[in-house]
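Beneath this line is the structure, given in structure tokens, with notes to follow.
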Amino acid sequence: MDSDCTGGRAELKADARLSRRAVIGGLGVFAATPRIAAANPAPSRDCFLILGDWGRRGAPIQRAVAEQMAARARRIDGRFVVTVGDNFYRCGVHDTLDSHWRQSFAEVYDLETLHTWLPALGNHDHNGDPDAQVDFSRRFAGWRMDGRYYRRRVTLAGGRSLDLFVLDTAPLADPGNYPQRASELRAQWAWFDREMLASHADWKIVVGHHPLVSSGYKERDYPLLNAWLNPRLERFGAHAYLSGHDHHLEHLRVGRVTHIVCGGGAGGDPMTMRRPAGHVQGWPSAGFAAVDVTGDLMTVTFVDERGDDLGTARVSRDRRL
């Protein structure tokens, strides 16, 4: 846990009444939001956004990315936002009244346009109470976090389906700093194996905060996470793995699995000059990604904080691309 994350709860409690009033007012639109499977079906295509490493209490670069996300969602009729963790810097949230909900979320994003969020947890979210983010989904329908890890089925145009398998990678990537009982780790492993085997979706997308391969400068020696997850992505037929943690935008390919790093929600960091095996393209930029699923093709477009398209990744349903 970060040293500056201790002792913050009392300060947040002092602002609880303001947070309650602001958050409930700002997120009232959620109560009328339909469930994903019924939301805005398109005749031939489906679109959604990917955002990571974003909650910085309305910092200018976060707001710039948020504005472009809303503009892109309106243009492509985006149905929902998938977050890849570090939703609230640096100390997560401590409860459903935390001021972060107002300052980093309700007052930053156009929630009438970006009305449905499917979040993953990151390491900074574990500095607070990660279950508070799960609890928030019970209060506001647009924040759809069924647990620390969960599976979400999305019905696509033409009757096809997409399964999102959202993982909690912090205890797997760094078990020393985020300790859990071995039984709890095994429970997530068993859940993932069971859910992937049971899925007959046309598309299988796995979401986690920590990248398995990346050109970022952060330490990426996650032996437990890599040894457990990498072979399963291939074995269970995952089409893509979405992650953040490194604050840039990148497209990589490992075996038959496409890796998307999308950690630029509130800024961009330099990338290493030495690219890892599997690197296809990348940018040390703030931004997000827009995903378009049309028939047997998924197109991921990387977008910077000015709204400019940086590049695209193409993923085929047969995993040949």
Note: among G52, G78, just one is at pLDDT 95 or above and buried (at least 24 other Cβ atoms within 10 Å of the Cβ), namely G52
Lone qualifier among G208, G267, G263 - being at positive phi, at pLDDT 95 or above and not aliphatic (A, V, I, L, M)
G267
Can you find, within the stretch 138-173, the residue that is surrounded by the most Cβ atoms within 10 Å (Cβ to Cβ) among those that are charged (D, E, K, R) and part of a helix (DSSP H, G or I)?
R139
If V261 meets every condition in (1) aliphatic (A, V, I, L, M); (2) in contact with a Phe, Trp or Tyr (Cβ under 9 Å, 6 or more places away or on another chain); (3) crowded, with 24+ Cβ neighbours inside 10 Å apart from one, which number is that one?
(2)
Would you pick out the residues in the stretch 246-256 that are touching a residue at least 40 places away in the same chain (Cβ under 8 Å) and either surrounded by fewer than 22 Cβ atoms within 10 Å (Cβ to Cβ) or among the polar types (S, T, N, Q) (or both)?
V254, R256
Those residues of the stretch 104-120 which are farther than 15 Å from Q62 by Cα, crowded, with 21+ Cβ neighbours inside 10 Å and in contact with a Lys or Arg (Cβ under 6 Å, 6 or more places away or on another chain), in sequence order
L118
Of the conditions (1) of a type outside the set (G, A, S); (2) under 21 Å from S104 (Cα atoms); (3) assigned to a loop (DSSP other than H, G, I, E, B), the single one that H200 does not satisfy is (2)
Looking at (1) at pLDDT 95 or above; (2) surrounded by 15 or more Cβ atoms within 10 Å (Cβ to Cβ); (3) of a type outside the set (V, I, T), which is the one condition that is false for P276?
(1)
Exception for D125 within (1) more than 17 Å from the chain's Cα centre (by Cα); (2) among the charged types (D, E, K, R); (3) closer than 14 Å to G147 by Cα falls at (1)
For the structure I just gave you, tell me whether S183 is surrounded by 18 or more Cβ atoms within 10 Å (Cβ to Cβ) and assigned to a helix (DSSP H, G or I).
no
Residue among A227, A266, A277, A238 that is in a loop (DSSP other than H, G, I, E, B) and more than 19 Å from the chain's Cα centre (by Cα)
A277
Within the stretch 50-103, count every residue that is assigned to a loop (DSSP other than H, G, I, E, B) and closer than 20 Å to L249 by Cα.
14
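The values are calculated or read from the model by the stated rules, or taken from the named source; none is laboratory data. Just so it is clear, the model here is predicted, and its values are computed rather than measured. Neighbour counts run over all protein chains shown; Cβ positions are idealised from the backbone, glycine included.
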